[in-house]
Amino acid sequence: RLVNNLLSMTRLETGVSTVKTEPHDLLDLVSAALEELGTSAGQRQVSFDIPEDLPLVPMDFGLITHVFINLFSNALKYSPPDQPVEVRGRIIDDQLEVLVVDRGVGVPQEDLGRVFDKFYRVAEFGSSNGLGLGLAICKAFIEAHDGRITLENNPMGGTIVRFVIPFTRQRHLEQI
């Protein structure tokens, strides 16, 4: 999975590949990511706050599914097993806004600006396995959709990863 993500990221960054957007249901992408994670998601509680009337959004199914896989992997790795992970989605100002919220350890304030850098690992979490590429891959895939992604500490403990992808109903209608 990591090798495929790196290849996809490199192809997008060099212009060899482009994003293949088609209208997709956000819940379908989230479900595909959780299915891919399988037993590593275990019996973790994942809750959804996605309106039933949320329109289909033009996205590359594979790329955004991998964004969710990486975000869920981090949320599961850095939060206690009894704490939930929440996914929220909505359309705001012609953008799809998605939040993945966990109640884990959070990120030291001094590291917040660097967590999306390639190979950057928070020193405090150095004992955990990983190469420091998951969030860099997420950033590349979201930016390939002309979006942006941020990470902030959750006031209730843990983190909130927020990404937005431009969405206009006209663009959506043209792709249907």
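Cβ neighbours within 10 Å, averaged per peptide: list 66-78, 84-96 in order, most packed at the top.
Details: 66-78: 22.5, 84-96: 16.4.
Ranked from most to least packed, the peptides come out as 66-78, 84-96.
Considering only protein heavy atoms, what per residue accessible area in square angstrom results for the range 45-160 with a 1.4 angstrom probe?
Numbers: 5560 Å² over 116 residues.
Roughly 48 Å² per residue, with all protein chains present.
In this simple spin-label approximation, K118 and E52 carry label points 7 Å from Cα along the Cα→Cβ vector, and these lie 4.6 nm apart.
Ignoring lysines fewer than eight residues from K118 along the same chain, the ones with Cα atoms less than 21 angstrom from its Cα are K77, K139. Note on D146/E35: beta-carbon distance plugged into 1/(1 + (r/R0)^6) with R0 of 35 Å gives a FRET efficiency of 0.80.
Think of the range 35-102 as a dipole: +1 on every Lys or Arg Cβ, -1 on every Asp or Glu Cβ, centred on the Cα centre; then among V100, L54, G38, G38 lies furthest on the positive end. In a fully extended conformation the segment linking D25 and Q109 would gain 26.8 nm over its present Cα-Cα distance, using 0.36 nm per residue. Sorted from longest to shortest, the spans of the Cα atoms of the range 42-126 along the three principal axes equal 41, 30, 24 Å.
The values are calculated or read from the model by the stated rules, or taken from the named source; none is laboratory data. These numbers were taken from a predicted model, which means no experiment stands behind them. A quick note on method: Cβ atoms are made from the backbone with ideal geometry, for glycine too, and the neighbour counts reach across all protein chains shown. When the accessible area is computed, the model is the full protein with side chains, heavy atoms only, and any ligands, DNA or RNA have been set aside. Shrake-Rupley method; radii C 1.70, N 1.55, O 1.52, S 1.80 Å.
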